[in-house]
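The values are calculated or read from the model by the stated rules, or taken from the named source; none is laboratory data. All values reported here derive from a predicted model rather than from experimental measurement. All Cβ positions, even for glycine, are placed from backbone atoms using ideal geometry, and neighbour counts span all protein chains on display. For accessibility, only protein heavy atoms count, side chains too; no ligands or nucleic acids. Shrake-Rupley method; radii C 1.70, N 1.55, O 1.52, S 1.80 Å.
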Amino acid sequence: MGRHTSAVAAVGVAIGVVVTAGCSGSGAHHSAPTTSTAGGDGQAHAAPTESNPPGDIPDNQVYVAYRPTGGSFTGFTVKVPEGWARTVQGGATTFTDKLNTITITSVPATAAPTTGSVSAAVVPKLRTQTPKFAAPKVSEVTRHAGRVVLLTYRGDSAKDPVTGKVVRDAFERYAYYRSGHEVNLTLSGPVNADNVDPWRIVSDSVTWR
């Protein structure tokens with residue numbers, strides 16, 4: 001009988017050790033949220049995930065025809081993204097949304113622009129107007145409206161008035177010509193933004209009236 005009592009007591013001690021160890025493990029487990037919370041402070045400052053990368057124009061973007069009603073030449077239409085903000089200043093009409101911009105100007109011209117004329121006259125002018133102007137490349141391309149001169153380059157955007165942020169932009173400047181008038185279409189957005197298709201839709205939409 002004494003041996004049986006000793007065995008029971010030994011089992012009780014073993015169970016007590018296990019329970020004590022379990023309680024100790026449980027306490028360690030409950031301390032984990034404190035560590036996780038401390039690490040969570042950095043996570044709170046992470047940039048929010050967006051459905052589209054910054055500067056990318058959505059694939060389902062709708063385009064509408066813009067027809068100028070003033071300025072030196074109104075004989076054309078061009079498609080622009082629906083819902084973009086429009087401003088008119090100094091003969092230029094600009095459409096903007098977030099980090100992307102479309103600027104349209106028209107001027108009288110005695111001859112159609114060429115790669116030579118754009119290189120000699122436009123590039124030096126933009127070099128003085130565009131912060132950190134770089135990598136100009138002039139070429140001829142074909143669009144629906146006919147042969148156009150394309151100037152691509154890079155530059156810094158204007159400083160955001162709220163955040164103070166400056167974005168490195170890629171520019172595409174198309175020079176169209178019709179009956180003594182030159183229409184310039186400049187498309188810009190962040191470098192590496194995937195806007196190849198949207199910019200093609202806009203640049204290919206210029207139609208003479």
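Brief remarks follow.
- Unique residue being modelled with pLDDT under 95 and not acidic (Asp, Glu) when the list is 149, 166: 166
- Condition check for residue 68: modelled with pLDDT of 90 or more and surrounded by 10 or more Cβ atoms within 10 Å (Cβ to Cβ): yes
- Output for segment 87-106, where each listed residue is free of Cβ contacts under 8 Å to residues at least 40 places away in the same chain and over 19 Å from residue 58 (Cβ atoms): 87, 88, 89, 90, 91, 92, 93, 94
- Conditions (1) open to solvent by 70 Å² or more (accessible area, probe 1.4 Å); (2) of a type in the set (Lys, Arg); (3) closer than 27 Å to residue 69 by Cβ: number failed by residue 143: (1)
- Looking only at segment 160-181, residues that are more than 23 Å from residue 91 (Cα to Cα) and either in contact with an Asp or Glu (Cβ under 9 Å, 6 or more places away or on another chain) or open to solvent by less than 50 Å² (accessible area, probe 1.4 Å) (or both) come to 4 in all.
- Counting only strands (runs of 3 or more DSSP E) that sit completely within segment 98-209, those holding 3 or more residues that are within 17 Å of the chain's Cα centre (by Cα) correspond to 100-108, 146-156, 168-178, 181-190.
- Residue that is modelled with the lowest pLDDT [pool: residues in segment 71-97 that are within 30 Å of residue 160 (Cα to Cα) and in a loop (DSSP other than H, G, I, E, B)]: 71
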